[in-house]
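So the structure is just underneath, and the comments pick up after that.
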Amino acid sequence: MVISLKNLIIGSFLSILILIALLGYRQNIFTSTILPYDDEQTGLDNQIVIKFSHVVAENTPKGIAAEKFKNLVETKSDGRIIVQIYPNAMLYNDHNELQALKDGEIQMIAPTFSKMTDYLPNWQVLDLPFVIENEEQLERVLTGPLSDKLLDELDSINIKGLTFWSNGFKQMASSDSPIIETEDFLDKKIRIMPSNILEEQFNLLKANPVEASFDDVFNELENQQINAQENTISNIYSKNFYEMENHITLSNHGILSYAVMMNHEFWDQLNTEDQTILLDALEEMEIWQFEQAVEINNNNLQALLREEAVSIYKLNKVSRNKWKKELFPIYDYFKKNVHPTYLDELIQEINN
């Protein structure tokens, strides 16, 4: 009995040794030869991940453009460059996305140009009301020499400017009563983005401008801290602002666009081939993006027209001229306090 148990233990031990030797042979543990990586493993080692954070919904002009950019880049790089999209302030909001970009926590953001004016005051030229009149002019401005100058200014804060994306024209939305005549602005608490020009715009109209980030607007409306805002139809619709701001005036008084930008250190670490892939993707989708912005805003407007609780007003020529007359001093304000020639350059681009 003792002998049998001893033989069993020895047999089991030998079996384990044989199994270890067999596995070692199959896994080449006992060889000094360095095995090559397969193609998939090498691809993972060379993979580049771009975290792209933004604050709006996926079904908006910026949200759809971000997805288009992702698909183009991943296709052009054969999957070597991965773009991860984080919409709806999932990672960072209006307050902290720029610092997160500068810190390298994310690699790309696309804030509205108005939110950059604290750092780059000259960008307020795009906030001036009633300068750009139609989509053709808007596209010309956002792809012209002045836009290149504005993007180059990002170098001063160590950010790489890539391009501008459009979200079309801003309208007025209000909760208590419609804003049609200039008198309707009186004492309205109107949400604005951080821009001295936007603040001056509503001061001239005798409203009360209230600075608030995009992700705080809904709460501000619920708490009656604001009762009006300027925004595009797509943002009003996608964020359900119309549920509380059910009076919408189609004023087309200003524009809203986004500056697509990247962490400069990250950009500099990319080789020329990879930088070209990103720039080619943005160039390829340029016209498409403008067309999408128009289509989305039009479709969302049709949806709002079907909402029984929503009233849509169109600013007529007489009322529009009254708005312009009240706002006329803002152009001198910009030239004296912000930049003496950028408005002239903007108008020249529009007229060419």
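Among the residues of segment 70-97, those identified as under 22 Å from residue 212 (Cβ atoms) and either in contact (Cβ under 8 Å) with a residue 24 or more places away in the chain or among the charged types (D, E, K, R) (or both) are 86, 87, 88, 89, 90, 91, 92, 93, 94, 95, 97. Only one of the numbered conditions (1) modelled with pLDDT of 95 or more; (2) within 19 Å of the chain's Cα centre (by Cα); (3) surrounded by fewer than 19 Cβ atoms within 10 Å (Cβ to Cβ) is violated by residue 182, and that is (2). Taken as a whole, the structure leaves residue 255 outside the set of residues that are over 30 Å from residue 102 (Cα atoms), of a type in the set (A, V, I, L, M, F, W, C) and either modelled with pLDDT of 95 or more or assigned to a loop (DSSP other than H, G, I, E, B) (or both).
In segment 224-242, is there at least one residue being farther than 26 Å from residue 123 by Cβ, out of contact with any helix residue (DSSP H, G or I) (no Cβ under 8 Å at 6 or more places or on another chain) and not in a loop (DSSP other than H, G, I, E, B)? Scanning segment 224-242 turns up no residue that is farther than 26 Å from residue 123 by Cβ, out of contact with any helix residue (DSSP H, G or I) (no Cβ under 8 Å at 6 or more places or on another chain) and not in a loop (DSSP other than H, G, I, E, B).
So, residue 229, is that one of a type in the set (S, T, N, Q), out of contact with any strand residue (DSSP E or B) (no Cβ under 9 Å at 6 or more places or on another chain) and within 30 Å of residue 101 (Cα to Cα) or not?
In short, no.
Criterion first (in contact with a Phe, Trp or Tyr (Cβ under 9 Å, 6 or more places away or on another chain), β-branched (Val, Ile, Thr) and either at pLDDT 95 or above or part of a strand (DSSP E or B) (or both)) does residue 197 satisfy it? Answer is yes for this residue.
Within the bounds of segment 77-96, is there any residue that is buried (at least 16 other Cβ atoms within 10 Å of the Cβ) and in contact with a Leu (Cβ under 6 Å, 6 or more places away or on another chain)? So far as segment 77-96 goes, no, none of its residues is buried (at least 16 other Cβ atoms within 10 Å of the Cβ) and in contact with a Leu (Cβ under 6 Å, 6 or more places away or on another chain). The residue that is surrounded by the most Cβ atoms within 10 Å (Cβ to Cβ), counting only those in segment 101-113 that are in a helix (DSSP H, G or I) and over 12 Å from the mean Cα position of the chain (by Cα), is 101.
Of all residues in segment 160-196, those being of a type in the set (A, V, I, L, M, F, W, C) and over 22 Å from residue 115 (Cβ atoms) number 4.
Among the residues of segment 240-254, are any farther than 30 Å from residue 286 by Cα and crowded, with 20+ Cβ neighbours inside 10 Å? Break it down stepwise before answering.
Here is the first cut: in segment 240-254, the ones farther than 30 Å from residue 286 by Cα are 243-247.
Those still in the list that are crowded, with 20+ Cβ neighbours inside 10 Å too: 245, 247.
Checked against the condition, which is being farther than 30 Å from residue 286 by Cα and crowded, with 20+ Cβ neighbours inside 10 Å, segment 240-254 yields at least one hit.
Could you look through segment 114-131, keep only residues that are closer than 30 Å to residue 317 by Cβ and of a type in the set (S, T, N, Q), and pick out the one that is farthest from the chain's Cα centre (by Cα)? Within segment 114-131, the match that is farthest from the chain's Cα centre (by Cα) is 124. In a helix (DSSP H, G or I) and out of contact with any Gly (no Cβ under 8 Å at 6 or more places or on another chain): is that true of residue 179 in this structure? Considered against the rule, which asks whether it is in a helix (DSSP H, G or I) and out of contact with any Gly (no Cβ under 8 Å at 6 or more places or on another chain), residue 179 comes out as no. Taken over segment 136-160, residues that are surrounded by 16 or more Cβ atoms within 10 Å (Cβ to Cβ) and of a type outside the set (Lys, Arg) amount to 14.
Pairs meeting the criteria (first residue in segment 210-221 and touching a residue at least 60 places away in the same chain (Cβ under 8 Å), second residue crowded, with 18+ Cβ neighbours inside 10 Å and in a helix (DSSP H, G or I), beta carbons under 9 Å, at least 6 apart or on different chains) are 213/115; 214/115; 214/235.
Regarding residue 233, is this residue under 25 Å from residue 46 (Cβ atoms) and either modelled with pLDDT of 95 or more or more than 20 Å from the chain's Cα centre (by Cα) (or both)?
Details: under 25 Å from residue 46 (Cβ atoms): no; either modelled with pLDDT of 95 or more or more than 20 Å from the chain's Cα centre (by Cα) (or both): yes.
No: the conditions fail for residue 233.
Which of the residues belonging to segment 168-179 are of a type outside the set (Ser, Thr, Tyr) and surrounded by 21 or more Cβ atoms within 10 Å (Cβ to Cβ)? Outline the logic, then answer.
Let us first name the residues in segment 168-179 that are of a type outside the set (Ser, Thr, Tyr), namely 168-173, 176, 178-179.
Listed by number, the residues that qualify are 168, 169, 170, 171, 172, 173, 179.
Evaluation of residue 217 against the conditions (1) modelled with pLDDT of 95 or more; (2) buried (at least 20 other Cβ atoms within 10 Å of the Cβ); (3) within 28 Å of residue 57 (Cα to Cα) shows that the sole unmet condition is (1).
Listed conditions (1) in contact with a helix residue (DSSP H, G or I) (Cβ under 9 Å, 6 or more places away or on another chain); (2) at pLDDT 95 or above are all met by residue 136, apart from (1).
The values are calculated or read from the model by the stated rules, or taken from the named source; none is laboratory data. These numbers were taken from a predicted model, which means no experiment stands behind them. Glycine also receives a Cβ, built like all others from the backbone with ideal geometry; neighbour counts cover every protein chain displayed.
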